[in-house]
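Trainee: Mind looking over this structure? Questions follow.
Readers should treat all values here as calculations from the given coordinates under stated rules, not as data from a laboratory. Just so it is clear, the model here is predicted, and its values are computed rather than measured. Virtual Cβ from ideal backbone geometry, glycine too; neighbours counted across all protein chains shown.
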């Protein structure tokens, strides 16, 4: 089982979300903990270890460290702002 670590920006953004999206994102993280490659994810082109998951109009950018079994959530934001 993987451990999830949130960046300051990601945890701050989650706290501002409506309750429905918080629950959706929480269920995505539960699935990622089990297997980070099971949920429909996409690898970010040009990056070695960066992935994204779509949750409605929001995107979750995260890195996977296989050796230490860590998922580092870098950023969560709307599609138009997440890749900046």
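Trainee: Once you keep just the Cα pairs under 8 angstrom separated by 6 or more residues, what percentage relative contact order results for segment 3-82?
Mentor: Averaging sequence separation for qualifying contacts and normalising by length gives 33 percent for segment 3-82.
Trainee: Rg and Dmax of the chain, Cα atoms, in Å?
Mentor: That works out to 11.9, 35 Å for Rg and Dmax.
Trainee: Does a label point 7 Å from the Cα of residue 38, set along Cα-to-beta-carbon, have any residues of segment 56-72 with amide nitrogen under 17 Å, and which are they?
Mentor: 69-71
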